[in-house]
Amino acid sequence: MAFNRAQILAISLVFIGCCTNVVTLEVIIKQAKGAGNLVTFAQFLLIAVEGIVITSRFFTRDTVIPLKFYALMVTMFFSVSVINNYALNFNIAMPLHMVFRASSLVANLILGILILKKQYSLSKYLSVMLITAGISLCTIVSGKSLQSSSNSEGDFSTWLIGIAMLVFALFVSALMGVYQEVLYKKYGKQPREAMLWTHLMPLPGFLMLSNDIVQQASIFSQSEPMSVFSFSVPNLWVMLVANILTQYVCIRGVFYLTTACPSLTVTLIITLRKFVSLIFSIYFFRNPFTLYHWIGTACVFGGTLLFAEVLRLPGSSKPSVKKE
């Protein structure tokens, strides 16, 4: 498969931006376990400011999709973003967190059947069963590992709450995708506009989390200093700036990727990116990952590629879009 310059640029942005973003997030979480809300707020603020300047030209451009239709999407997006980051406070290891977030196709298929009345081929159901088996195996092994390494039942109960949060966020994210699909069918795809309003409108919601954000900001300011251009700066603030900038690069890279590459290539690249991020987390941060975790992870990523028909079952015909 040969890539042109635009595709190479998009793929480079995805791998560099998204993988670096995961690394900076893990550096932050290792030092400040409860920093999820502060990180989420900073990410939302940067993307909202960029959208105001670039996308809306300081609100001089009319929106294609009426703002009232963004309200529900914004509520879901804000909830998913906060819950996913906050789940890291509940003894959820970063590799398990990434495996969960790579399993969104399960929720997408279930809600597609229930809400959009979609019909799927046998290979789709098999791929979702494979993903479900993989995430279940990773979750069970992680739970047993936590139980054996901790003498406190409270730690395990906290971990179960974290798992419940990830499952809830998985289905809310899928529901948001269904709602977004309905809006795009009516008004056409508006990714830049949607990115602006889904990050700008939730900003007042962070007032509910202001005490936690201020507390974490204080912890950041007390972190070990590092030299930046001959200035001494608390290292957690440096990592936060790096995190929000790489998050922006990651989002822009995915946006360019979807416009420059076919959908199957997009799925393959994003899946490979998630796998590379997982490898970084395991080896650079010494996160525990057993043989059973690897088997579960292989099921999740293999099922994802099978669902996208990057991989095909023996004897299956070429992809058909008729049913979807």
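The values are calculated or read from the model by the stated rules, or taken from the named source; none is laboratory data. On a predicted model such as this, the values are computed, not experimentally measured, just so you know. We place every Cβ from the backbone using ideal geometry, glycine too, and count neighbours over all the protein chains shown. Note: accessible area is taken over every heavy atom of the protein model, side chains too, but ligands, DNA and RNA are not part of it. Shrake-Rupley method; radii C 1.70, N 1.55, O 1.52, S 1.80 Å.
Checking the structure you have, find out if any residue of the stretch 215-237 is in a helix (DSSP H, G or I), hydroxyl-bearing (Ser, Thr, Tyr) and open to solvent by 60 Å² or more (accessible area, probe 1.4 Å). Checked against the condition, which is being in a helix (DSSP H, G or I), hydroxyl-bearing (Ser, Thr, Tyr) and open to solvent by 60 Å² or more (accessible area, probe 1.4 Å), the stretch 215-237 yields at least one hit. Anything in the stretch 124-141 that is surrounded by 16 or more Cβ atoms within 10 Å (Cβ to Cβ) and of a type in the set (Gly, Ala, Ser)? List them, or say none. Residues satisfying the conditions are SER127, GLY134. Please verify whether ILE11 is more than 19 Å from ASN89 (Cβ to Cβ), touching a residue at least 60 places away in the same chain (Cβ under 8 Å) and part of a loop (DSSP other than H, G, I, E, B), treating the condition exactly as stated. It is false that ILE11 is more than 19 Å from ASN89 (Cβ to Cβ), touching a residue at least 60 places away in the same chain (Cβ under 8 Å) and part of a loop (DSSP other than H, G, I, E, B).
Test ARG286 against the stated conditions and say whether it is modelled with pLDDT of 80 or more and either under 27 Å from SER103 (Cβ atoms) or open to solvent by 60 Å² or more (accessible area, probe 1.4 Å) (or both). In short, no. Answer yes or no: is there a residue in the stretch 49-60 that is crowded, with 17+ Cβ neighbours inside 10 Å, in contact (Cβ under 8 Å) with a residue 60 or more places away in the chain, part of a helix (DSSP H, G or I) and among the acidic types (Asp, Glu). No, there is no match, as no residue in the stretch 49-60 is crowded, with 17+ Cβ neighbours inside 10 Å, in contact (Cβ under 8 Å) with a residue 60 or more places away in the chain, part of a helix (DSSP H, G or I) and among the acidic types (Asp, Glu). If I filter the stretch 243-254 for residues that are at pLDDT below 90, under 21 Å from ALA133 (Cα atoms), open to solvent by less than 40 Å² (accessible area, probe 1.4 Å) and not aromatic (Phe, Trp, Tyr), do I get at least one hit? No, every residue in the stretch 243-254 fails to be at pLDDT below 90, under 21 Å from ALA133 (Cα atoms), open to solvent by less than 40 Å² (accessible area, probe 1.4 Å) and not aromatic (Phe, Trp, Tyr). Among the residues of the stretch 105-122, at least one is open to solvent by 30 Å² or more (accessible area, probe 1.4 Å), free of Cβ contacts under 8 Å to residues at least 12 places away in the same chain and on the phi > 0 side of the Ramachandran plot. State yes or no: is THR20 of a type outside the set (Phe, Trp, Tyr), surrounded by 19 or more Cβ atoms within 10 Å (Cβ to Cβ) and touching a residue at least 12 places away in the same chain (Cβ under 8 Å)? Judged against the criteria, THR20 is a match. Just checking, does the stretch 83-90 include any residue being of a type in the set (Gly, Ala, Ser), open to solvent by less than 50 Å² (accessible area, probe 1.4 Å), modelled with pLDDT of 90 or more and assigned to a helix (DSSP H, G or I)? No - not one qualifying residue is present in the stretch 83-90. With respect to the conditions (1) touching a Leu at 6+ places or on another chain (Cβ under 7 Å); (2) over 23 Å from MET195 (Cα atoms); (3) not aromatic (Phe, Trp, Tyr), ALA298 lacks only one, and its number is (1).
Among the residues of the stretch 175-200, just one is β-branched (Val, Ile, Thr) and open to solvent by 30 Å² or more (accessible area, probe 1.4 Å), namely VAL182.
So, SER227, is that one farther than 26 Å from ASN37 by Cβ and out of contact with any strand residue (DSSP E or B) (no Cβ under 6 Å at 6 or more places or on another chain) or not? Criteria met by SER227.
Filtering PHE77, PHE44 for residues that are open to solvent by 30 Å² or more (accessible area, probe 1.4 Å), in a helix (DSSP H, G or I) and in contact with a helix residue (DSSP H, G or I) (Cβ under 6 Å, 6 or more places away or on another chain) leaves a single hit, PHE77.
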